[in-house]
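First comes the structure, then the notes that go with it.
The values are calculated or read from the model by the stated rules, or taken from the named source; none is laboratory data. Everything quoted here is computed from the prediction, not taken from an experiment. Cβ sites come from the backbone with ideal geometry, for glycine too, and all protein chains shown count toward neighbours. Only protein heavy atoms, including side chains, enter the accessible area calculation; ligands, DNA and RNA are left aside. Shrake-Rupley method; radii C 1.70, N 1.55, O 1.52, S 1.80 Å.
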There are 2 protein chains.
Amino acid sequence: MQLVVIGGVAAGMSAAARARRLDPNLQIIVLERGTQVSWAACGLPFYLSGRVGKLEDLILHTPEYFERERNIRVRTGAEVTAIQPARRQVVLRGGERLSYDRLVIAIGARPGRSIPGADLPHVFTLHCLEDGRRIREFIEQRRPRCAAVIGGGYIGLEAADALAERGLPVTLFEAGPDVLGRQDRELTTRISRHLASHGVELRLNTPVGEIRPEAVAGVSAELVILALGVQPNVELALEAGVELGPTGAIRVNERMETNLAGVYAAGDCAETTHLVTGSPVYLPLGTTANKMGRVAGANAAGGREKFAGVVGTMIIALRGLAVGVTGLSLAQARKEGFDPVAARIEAPDRSRYLGSRPTTVELVADRRSGRLLGGSVMGERGVAGRINVIAAALTAGLPLEQFAQLDLAYTPPLAPVWDPLLAAAQQLRKALT
Amino acid sequence: MQLVVIGGVAAGMSAAARARRLDPNLQIIVLERGTQVSWAACGLPFYLSGRVGKLEDLILHTPEYFERERNIRVRTGAEVTAIQPARRQVVLRGGERLSYDRLVIAIGARPGRSIPGADLPHVFTLHCLEDGRRIREFIEQRRPRCAAVIGGGYIGLEAADALAERGLPVTLFEAGPDVLGRQDRELTTRISRHLASHGVELRLNTPVGEIRPEAVAGVSAELVILALGVQPNVELALEAGVELGPTGAIRVNERMETNLAGVYAAGDCAETTHLVTGSPVYLPLGTTANKMGRVAGANAAGGREKFAGVVGTMIIALRGLAVGVTGLSLAQARKEGFDPVAARIEAPDRSRYLGSRPTTVELVADRRSGRLLGGSVMGERGVAGRINVIAAALTAGLPLEQFAQLDLAYTPPLAPVWDPLLAAAQQLRKALT
């Protein structure tokens, strides 16, 4: 039995490693068109800022490690140009063919570049290790005096903050009225203010029609990072007869099976289910890719595992402010047909007499069912923990009533007697009645 | 209509404040036998250590505040000696009688002192503001050179660390083999090691038979803190015909009603329900007291609120280590008749390349049902957030399968791609199958 995995980053290497764990005798080969596998894309902004010293620090394991320690064959520089399901073969650039019994497609996504001027030498995306290397080389050799980032998603925000941390004045352009795609004006305002105090000017409602050699939308920029979101790599799969879902990414079931027998997909090329709406969603993130990959690998090796989906948790770490979101924002919930109500509070993150800082929590619930639908948390500390509590509650379908009385930890140096989560929930209960 | 609240700390003042919010016209009077109301008992260890400068910092609101801002009458130095339900009256020391339509009993608990020598002048409990004042005065005036703490519960642990923070060598005596009442040897070992490196020697299996003027169990101690746990104050209620539950604390239903019409109880004098076992439990903590008080006050004012119970969440903050527990430990789960399996892992609390520290997570699940039963988290950072995620999952009755794939936040500076919670859950899945 041979398992072929196309793509050697988060989903692909998770699949290969998990398959190996379940079946010591399976032949496993990973085909990666780049030069490295198993690296941490989400660390790139922190390489830009200088907090990660060497690009190699972002490489979690080398191909040699997988060969030696896991008995997984890894071929880098191996680009698959076709999948032939009838023959159970993949074709590599150069014509070589490889047979598979099981196939995991983990070919990721690619960054959007659809702006005139995107090919200018001072314009970069921030998607792979090579991008990171090129940007830092450009900064160190060309010493740009000002930068622009285009796109107010999580990569754009973290990249803008990272460039500002290096001392570059940064303008961050967002075509729409909001960042992070939440249609949440207050969240945007708070982030905008914070960025401004850290050297990043956020320009909302400013679509960029063209990048010029030294300016973007009339603002000087000697370095430009495109952060326009990503598109799933689906062409290879589509040509082989793999079905796409309504989001345009590869459709998989809970076992990560595509419509083709023995063919799985996982990671940024595939869609998943949003557990709050129950609908397919395309939310390409490293954590999800790892989970999907794990399940694809387990099932490809004869296991029976499932991945039910996500609730849309995301966090960004700016200097001095973390912002976490999960589930649906008020606007998103309305679009999904709920009758949502939201409450937002600012509350101390521990007992005041031990040096509290304000944390902002917003919760959204459905008026009809009393079910919690989503939330956001902003603050200096404890943001990951608090957004994760909301994520757990969403996964469990916890009613707001129960959420408002959660038995959360309290000790004055670490958390206040009424956690901001509970304070927000109490506020939302009032709004619901 | 007159609402009388007996006791003016966490549960009592929460009840009064909540009742006022629901009914602006209700007469509300709080009877507190001490001199202050609404103070933060859980802050006392941090007053001892010196991190809280003034005892007054622990007073959240003064009686004058409640009178002026909330229209709640507060009488301090007012000790109730009897409740006469037939007449709907309470009797104060001195003979004065007060009528009530609704009564909230929030008379708290008292610290155990049942060791010969407990009345010596260098022996203290750490239960009320006056205790804090007396201990700090004793330290500043008498300059003890060594201290003992008796009892390895959360107060004993935090008090021992606080005294050590002031530079006193501390011996902490625990009669049983474990701290924090979890019957968890590994947790105890880890805490013991940490304490040792911070100037506290933990002596397990060392019941203290007697406190002598300068020594405890043969160890020099010029200052002794008794942390033997607390007993609910129930005598006043019992004499009035209020029923106790199996834990020996006042029995209440979800609405905080006692068996007497119009009489509610809340806080450290009452028991509640453990949501994992479904059984009555006595777990006197500030957070729970506030929640119970709120519900008692709401219902006393004509509302219809419920408090379902707790999952047993507790956290302690030592210097450089926080320890959180929730639900049942393995030993506790076994005693409750479950068929529990546990897994404990140590994992980095964020991406390694951004300076991770180890976090230890233990999860306990039931083999038969696959249900999560409890857990503990130990580490330097992020402990409150992680224990709260487990607490939320326990409240929702989340199966381990779902817990293991929770959509938790990931960004390298704040959380790793596989959160320690998920790593522990994956480990436990293996142990379950």
I'd like to know if region A:142-150 contains one or more residues that are open to solvent by less than 50 Å² (accessible area, probe 1.4 Å), of a type in the set (Gly, Ala, Ser) and more than 23 Å from residue A:34 (Cβ to Cβ). yes
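Residues are listed down the side, and each one gets a yes or a no for (1) touching a helix residue (DSSP H, G or I) at 6+ places or on another chain (Cβ under 8 Å); (2) crowded, with 24+ Cβ neighbours inside 10 Å:
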site: A:353; (1), (2): yes, no
site: A:408; (1), (2): yes, yes
site: A:424; (1), (2): no, yes
site: A:430; (1), (2): no, no
With (1) assigned to a helix (DSSP H, G or I); (2) open to solvent by 10 Å² or more (accessible area, probe 1.4 Å); (3) away from chain A (no Cβ under 13 Å) as the list, and residue B:338 as the residue in question, which single condition is left unmet? (1)
Is there a residue being without any contact (Cβ under 8 Å) to a residue 40 or more places away in the chain, closer than 22 Å to residue A:192 by Cα, facing chain B (nearest Cβ under 9 Å) and in contact with a Ser or Thr (Cβ under 9 Å, 6 or more places away or on another chain) anywhere in region A:382-400? yes
Take region A:361-381 and flag every residue that is polar (S, T, N, Q) and part of a strand (DSSP E or B). A:376
Please state which of the following conditions residue A:418 fails to meet, knowing it meets all the rest: (1) more than 8 Å from chain B (Cβ to nearest Cβ); (2) surrounded by fewer than 23 Cβ atoms within 10 Å (Cβ to Cβ). (1)
The number of residues in region B:173-211 that are of a type in the set (A, V, I, L, M, F, W, C) and under 19 Å from the mean Cα position of the chain (by Cα) is 4
Can you tell me how many residues within region A:253-293 are open to solvent by 30 Å² or more (accessible area, probe 1.4 Å) and over 23 Å from residue A:38 (Cα atoms)? 11
Report, by residue number, each residue of region A:48-63 that is over 19 Å from residue A:15 (Cα atoms) and either in a loop (DSSP other than H, G, I, E, B) or at the interface with chain B (Cβ under 9 Å from one of its Cβ atoms) (or both). A:49, A:50, A:51, A:52, A:53, A:54, A:57, A:58
Pick out the one residue from B:312, B:303, B:320, B:293 that is touching a Ser or Thr at 6+ places or on another chain (Cβ under 8 Å), of a type outside the set (D, E, K, R) and more than 9 Å from chain A (Cβ to nearest Cβ). B:293
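Yes or no, residue by residue, for (1) assigned by TED's automatic domain parsing to the domain that holds residue A:105; (2) touching a helix residue (DSSP H, G or I) at 6+ places or on another chain (Cβ under 7 Å); (3) within 27 Å of residue A:165 (Cα to Cα); (4) not charged (D, E, K, R):
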residue	(1), (2), (3), (4)
A:34	yes, no, no, yes
A:45	yes, yes, yes, yes
A:60	yes, no, yes, yes
A:67	yes, no, no, no
A:72	yes, yes, no, yes
Subset of region A:323-340 [of a type in the set (A, V, I, L, M, F, W, C) and in contact with a strand residue (DSSP E or B) (Cβ under 6 Å, 6 or more places away or on another chain)]: A:323, A:325, A:328, A:330, A:333, A:338
For the list (1) more than 12 Å from chain A (Cβ to nearest Cβ); (2) at pLDDT 95 or above, I need the number of the one condition that residue B:431 fails. (2)
Output the helices (runs of 4 or more DSSP H) that fall wholly within region B:138-254 and possess 1 or more residues being more than 30 Å from residue B:80 (Cβ to Cβ) and of a type in the set (D, E, K, R), or say none. B:154-165, B:185-196
When region B:356-379 is examined, which residues are found to be open to solvent by 10 Å² or more (accessible area, probe 1.4 Å) and under 15 Å from residue B:419 (Cα atoms)? B:356, B:357, B:358, B:360, B:362
The condition of being within 14 Å of another protein chain (Cβ to nearest Cβ) and in contact (Cβ under 8 Å) with a residue 40 or more places away in the chain holds, among A:155, A:191, only for A:155
Within region B:306-335, which residues are under 30 Å from residue B:104 (Cα atoms) and surrounded by fewer than 19 Cβ atoms within 10 Å (Cβ to Cβ)? B:306, B:308
For region B:77-127, which fully contained strands (runs of 3 or more DSSP E) count at least 2 residues that are at pLDDT 95 or above and surrounded by 14 or more Cβ atoms within 10 Å (Cβ to Cβ)? B:80-84, B:89-92, B:102-105, B:109-111, B:123-125
